[in-house]
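Please treat every number below as a calculation from the coordinates, not as lab data. Keep in mind the model is a prediction, meaning the values are calculated, not measured. Methodologically, a virtual Cβ is constructed for each residue, glycine included, from the backbone with ideal geometry; neighbour enumeration extends over all protein chains shown.
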Amino acid sequence: MAHRRTNPLRSYFLLHVNMVIRFLIISDVIWVGAMGLLGPIFALYIVEFIDGGNALVAGVAAAIYLVTKSLLQIPAAAIIDKIRGEKDDFWILFMGSILGASIPLFYLFIHTPLHLYIVQFFYGAVIAFTFPSYMAIFTRHIDKTREGMDWGIYFTLTDLSAAATASIGGVLATTLGYDVLIVAVVIVSLLGVSMLYAIRSRIRP
């Protein structure tokens, strides 16, 4: 019996994945793309708008975010796993993502390295909860026998999204200014988060 050939191009348009995985991927593609607008030039923003901002301050800010996220992720995941059912995962993911997507607005009001470090710590703490929630829901709903393909599609599309917006962020910062860029990042990020609401009815009680 001949097996039907899979058209790889269909995977780029999420035609081979179930609804929950589809909207999880779309949500992150939009959010990662939004963060790609700011990410590559964030160090330049720190140098120009933070008093005493330099390469050291940018490095410490990045480290604070990553260390906070890394250290809190396992305790956060343990708390999430202790609560039975998937509803808690969804609401932690949804509300935490709204908060996380809005955090870049604080960059508009900070002026010292200390302020920046506090924002980065808070950002890391929020993502420490949303990331395990996202992974938990993705893992439970992943298409059986297509686990590798689903993850491959996720990383391919999110990487392409970040690549596509990396240069656009530089253009916006140069032509319209960092304030407009940051507001755009938040608006697009929240649009990505809104995609998560589509899976609410598919979440297991």
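Most fluctuating residue of Val119, Val60, Val185 in a GNM of the chain with Cα springs under 10 Å: which is it? Between Val119, Val60, Val185, it is Val60 that shows the largest mean-square fluctuation. Measuring between their Cα centroids, the range 139-188 and the range 22-78 lie 13 Å from each other.
Taking every full run of DSSP H in the chain, the ones that stretch at least 20 Å from end to end by Cα along their long axis and average -1.0 or higher on the Kyte-Doolittle scale are 19-38, 55-82, 87-102, 113-141, 147-175, 178-194. Sorting Val183, Val171 from the fewest to the most surrounding beta carbons within 10 angstrom yields Val171, Val183.
Going by neighbour counts of Cβ atoms within 10 Å, the residues Trp31, Trp151 line up, fewest first, as Trp151, Trp31.
From the P(r) of the chain, can you give the percent of Cα pairs sitting at distances over 24 Å?
Cα-Cα pairs in the chain separated by more than 24 Å: 46 percent.
Counting neighbouring Cβ atoms within 10 Å and putting the fewest first, the residues Met19, Met195 line up as Met19, Met195. May I ask for the Rg/Rh ratio of the range 71-119, computed from Cα atoms with Rh as the Kirkwood radius, given to two decimals? Over the Cα atoms of the range 71-119, Rg/Rh equals 1.13.
With an a/c value of 1.5 or above and a/b larger than b/c for the gyration tensor axes a ≥ b ≥ c computed over the alpha-carbon atoms, the range 109-205 is described as prolate.
In a simple Cβ point-charge model (Lys, Arg +1; Asp, Glu -1; nothing else charged), the chain has a dipole of about 980 debye relative to its Cα centre. Counting only DSSP H runs of at least 4 residues, each contributing -39500 (n - 2.57), and dividing by the residue count of the chain, the helix-based mean residue ellipticity at 222 nm comes to -25500 deg cm²/dmol.
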